[in-house]
Amino acid sequence: MGVGLTALSIWILWLNHRDYTQAIQTGAPIFLEDTGITVLYLAPITYLGLALLGMCGIIVAIRGKGFTKSIGGKLNKAVALLVITGLFGMFFGSHIANKLWAEHFENQGYVECSQPFRMTSKWFKAVWVDSIPLCNDRRVLKMFGAGKRVSDINRIIEESRH
């Protein structure tokens, strides 16, 4: 399970990074950053702890008896250390990763809208625009409110700019 969760985390992060890169390379007027997904950067530490716990359980089941007290204590400490470190890392690492992504997007010429929830009605979404007036553009707000996809909103913005 720990290996599967690690692979899933990596796959989700890869998809996200690909989408960010594509949005920046195409010069999308608006793109959304999933700020909640950054917890997955250090989540594999926790998954490793869970995988170790699972492997120990399998070994005990196969052997038919538990580990000696000294080995069991060391394994428990290792699992606890990995899980606790991973959990703290997920939340503090997420904060640092979000700051690094914000800096990267700003270096690419984008500006973060100050009230993303008002625009998207979604938690953990940051709205990045190439022009700050888009953050308060009634037409853009109506399109988000109507549930239009960002790609459709970008197409409409691009058409109106030309």
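The values are calculated or read from the model by the stated rules, or taken from the named source; none is laboratory data. Here the structure is a predicted model, which is why all the values come from computation and not from measurement. All Cβ positions, even for glycine, are placed from backbone atoms using ideal geometry, and neighbour counts span all protein chains on display. Note: areas computed on protein heavy atoms with side chains; ligands, DNA, RNA excluded. Shrake-Rupley method; radii C 1.70, N 1.55, O 1.52, S 1.80 Å.
Kindly establish whether Ala51 is of a type outside the set (Ser, Thr, Tyr), open to solvent by less than 40 Å² (accessible area, probe 1.4 Å) and in contact with a helix residue (DSSP H, G or I) (Cβ under 6 Å, 6 or more places away or on another chain). In short, yes. Each residue in region 10-61 was checked for being among the charged types (D, E, K, R) and either in contact (Cβ under 8 Å) with a residue 40 or more places away in the chain or under 25 Å from Leu81 (Cα atoms) (or both), and 2 pass. Against the numbered list (1) over 30 Å from Val127 (Cα atoms); (2) at pLDDT 90 or above; (3) aliphatic (A, V, I, L, M), Ile12 comes up short only at (1). Scan region 55-76 and tell me whether some residue there is at pLDDT 90 or above, among the aliphatic types (A, V, I, L, M) and open to solvent by less than 70 Å² (accessible area, probe 1.4 Å). No; the residues of region 55-76 include none that is at pLDDT 90 or above, among the aliphatic types (A, V, I, L, M) and open to solvent by less than 70 Å² (accessible area, probe 1.4 Å). The single residue among Leu53, Leu8, Leu32, Leu75 that is under 30 Å from Ile132 (Cα atoms) and not in a loop (DSSP other than H, G, I, E, B) turns out to be Leu32.
Scanning region 13-33 for residues that are surrounded by 17 or more Cβ atoms within 10 Å (Cβ to Cβ) and charged (D, E, K, R) yields one hit, Glu33. Checking region 122-130 against the condition returns no match, with no residue being hydrophobic (A, V, I, L, M, F, W, C), touching a strand residue (DSSP E or B) at 6+ places or on another chain (Cβ under 9 Å), touching a residue at least 60 places away in the same chain (Cβ under 8 Å) and part of a helix (DSSP H, G or I).
I need a count of the residues in region 115-149 that are of a type in the set (S, T, N, Q), surrounded by fewer than 12 Cβ atoms within 10 Å (Cβ to Cβ) and more than 26 Å from Leu13 (Cβ to Cβ). Adding up the residues that qualify gives 1.
In region 77-100 there is no residue that is in contact with a Leu (Cβ under 9 Å, 6 or more places away or on another chain), aliphatic (A, V, I, L, M) and more than 22 Å from Tyr47 (Cβ to Cβ).
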